[in-house]
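What follows is a single structure, written as structure tokens, with notes after it.
The values are calculated or read from the model by the stated rules, or taken from the named source; none is laboratory data. All figures in this text were calculated on a predicted structure; none of them were measured in a lab. Neighbour counts are summed over all protein chains in view; Cβ atoms, including those assigned to glycine, are modelled from backbone coordinates with ideal geometry.
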Amino acid sequence: MRDHVRVVVQGGGRRGRGAGLARLLWVGAEFVTTVGVVVALLVVHQVWWTNRQAVAAAQEQVRSLERAWGDSGAGEAEVPSPDGPVPPPASEPEESGAVPGPGPDPEPGAASPEGSAPAAPPRTKPQPPAKPKPEPARDEAYAVLRIPRLGLAVPVAQGVDKRAVLDKGYAGQYPGTAQPGARGNFALAGHRNTHGEPFRYVNRLRPGDELLVDVRGRRYTYVVGQVLNETTERDTGVIAPVPRSVVRPEYGYGRPDAYITLTTCTPEYSSKYRLVVWGTLKSP
């Protein structure tokens, strides 16, 4: 009599379904993990790497401007006379035996010593009108903003385009605003977070702090007067020639002067509102 061995498999269907669900959960977990890693890398790139790149490039631009100004003779150059170089003063005549040189020319309309007709006044060559000072090229750095309280030195370029100016770690000058040192409002924008974040800590500025603007070796010193911690992005009054907030009119100024304005986003990592710092040009 033969013995028959019967093998009974129970629950095979359940195990199959359980294994399939486990594989699905594993694939889902892997996908979520991969997405999380990619997002984290993007955040690191945006917050950390772009900052490093922008800061390094901006600082190199500052050094480049300083070298260019140094090569061209930094500081205020002498203004040449429109009539050419001034001749040296005539030497004094000797006291004994010297023959004095010719005296000064007679005044226009005065008679000559011999009583002849008055001498005609000398003709002067008309000078061409002074050429207006050209504005800096758009998107190119032309100045350096220094904020001693923050240990900041940042290039300044024309325009507030993100890719062409602000994302380089520069401060951008609002189109149509005054040039440094001029009467009106020299208004700037800058990132508060990412891409060099040059204006990240401008909220720490206080009345009396200095804002230094160097242009071709010449320095303009502004003194912080007011800080508007929050206003809307449509508050165009803050960059007007006489800056005054149209949202919070208790902030701003009421008479023409030479102003500087710094604007950036607030709160941090948000572009919902704007933070504004104003200063006035310090008298030499």
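Quick notes on this structure:
- Counted residues, region 202-212 - those being under 15 Å from G190 (Cα atoms) and under 15 Å from the mean Cα position of the chain (by Cα): 2
- Considering region 198-253, the residues that are part of a strand (DSSP E or B) and hydroxyl-bearing (S, T, Y) include one that is nearest to P267 (Cα to Cα), namely T231.
- Count of region 155-191 residues which are in a loop (DSSP other than H, G, I, E, B) and under 15 Å from A58 (Cα atoms): 8
- For S271, the conditions (1) under 20 Å from the mean Cα position of the chain (by Cα); (2) at pLDDT 95 or above; (3) farther than 19 Å from L211 by Cα are fulfilled apart from (2).
- The single condition among (1) surrounded by fewer than 20 Cβ atoms within 10 Å (Cβ to Cβ); (2) out of contact with any Ser or Thr (no Cβ under 8 Å at 6 or more places or on another chain); (3) among the hydroxyl-bearing types (S, T, Y); (4) on the phi < 0 side of the Ramachandran plot that Y220 does not satisfy is (1).
- Taking every residue in region 265-284 that is among the acidic types (D, E) and pairing it with any residue that is not in a strand (DSSP E or B), at least 6 positions away or on another chain, the pairs with Cβ-Cβ distances below 8 Å are E268/R192; E268/N193; E268/R200.
- Residue selected from region 157-172 under the condition in contact with a strand residue (DSSP E or B) (Cβ under 6 Å, 6 or more places away or on another chain) and touching a residue at least 24 places away in the same chain (Cβ under 8 Å), by the criterion surrounded by the most Cβ atoms within 10 Å (Cβ to Cβ): Y170
- Beta carbons closer than 7 Å, at least 6 apart along the sequence or on distinct chains, pair a first residue in region 240-264 that is closer than 13 Å to A187 by Cβ and at pLDDT 95 or above with a second that is in a loop (DSSP other than H, G, I, E, B) and of a type in the set (S, T, N, Q) for G252/S245.
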